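The values are calculated or read from the model by the stated rules, or taken from the named source; none is laboratory data. Since the structure is predicted, the reported quantities are computational estimates derived from the model, not experimental observations. Because the Cβ atoms are built from the backbone with ideal geometry, glycine has one as well, and the counts that use them run over all protein chains shown.
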Amino acid sequence: MEIKRLHVGKRLSEVAIHNSTVYLAGQIAEDTSADIQGQTREVLGHIDRLLGESGSDKTCILSCQIYIRDMADFPGMNEEWDAWVPQGHTPPRATVEAKLADPKVLVEIIVIAAQR
């Protein structure tokens, strides 16, 4: 059994790959001064990059969990999501309001995807 990890840190790895399945850690924005749309756009960019490094892409997403600080931001987050996700490849998804570790973080997204 082989598990490949990418961007391994002291506390977590950004990616784990096992049996052609890619597991991403929760992705957050580095620019926490941005609004929900800006943070969501940045997070989706991180997801694109990590999936690409893992031999996958957003058309291969199997499951997505989205945590937002305030459900009032749901429409703005969805606007960015809808512009990003390819039609016909919308994955199963859950979105919940959550108290995130840093109050300046407005959205955190976790993805599981298949490799191409």
Of the conditions (1) exposed (fewer than 14 other Cβ atoms within 10 Å of the Cβ); (2) at negative phi, the single one that residue 88 does not satisfy is (2)
Of the residues in region 77-116, those that are over 26 Å from residue 17 (Cβ atoms), among the charged types (D, E, K, R) and assigned to a loop (DSSP other than H, G, I, E, B) number 3
Quick one: would you say residue 90 is free of Cβ contacts under 8 Å to residues at least 24 places away in the same chain and β-branched (Val, Ile, Thr)? yes
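For every residue, the table says whether it meets (1) exposed (fewer than 14 other Cβ atoms within 10 Å of the Cβ); (2) touching a Cys at 6+ places or on another chain (Cβ under 8 Å).
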| position | (1), (2) |
| --- | --- |
| 92 | yes, yes |
| 96 | yes, no |
| 108 | no, no |
| 111 | no, yes |
_buried (at least 18 other Cβ atoms within 10 Å of the Cβ), among the charged types (D, E, K, R) and at pLDDT 95 or above: is that true of residue 35 in this structure?_
no
Matching residues in region 53-77 (surrounded by fewer than 20 Cβ atoms within 10 Å (Cβ to Cβ) and either within 13 Å of the chain's Cα centre (by Cα) or of a type in the set (A, V, I, L, M, F, W, C) (or both)) number 9
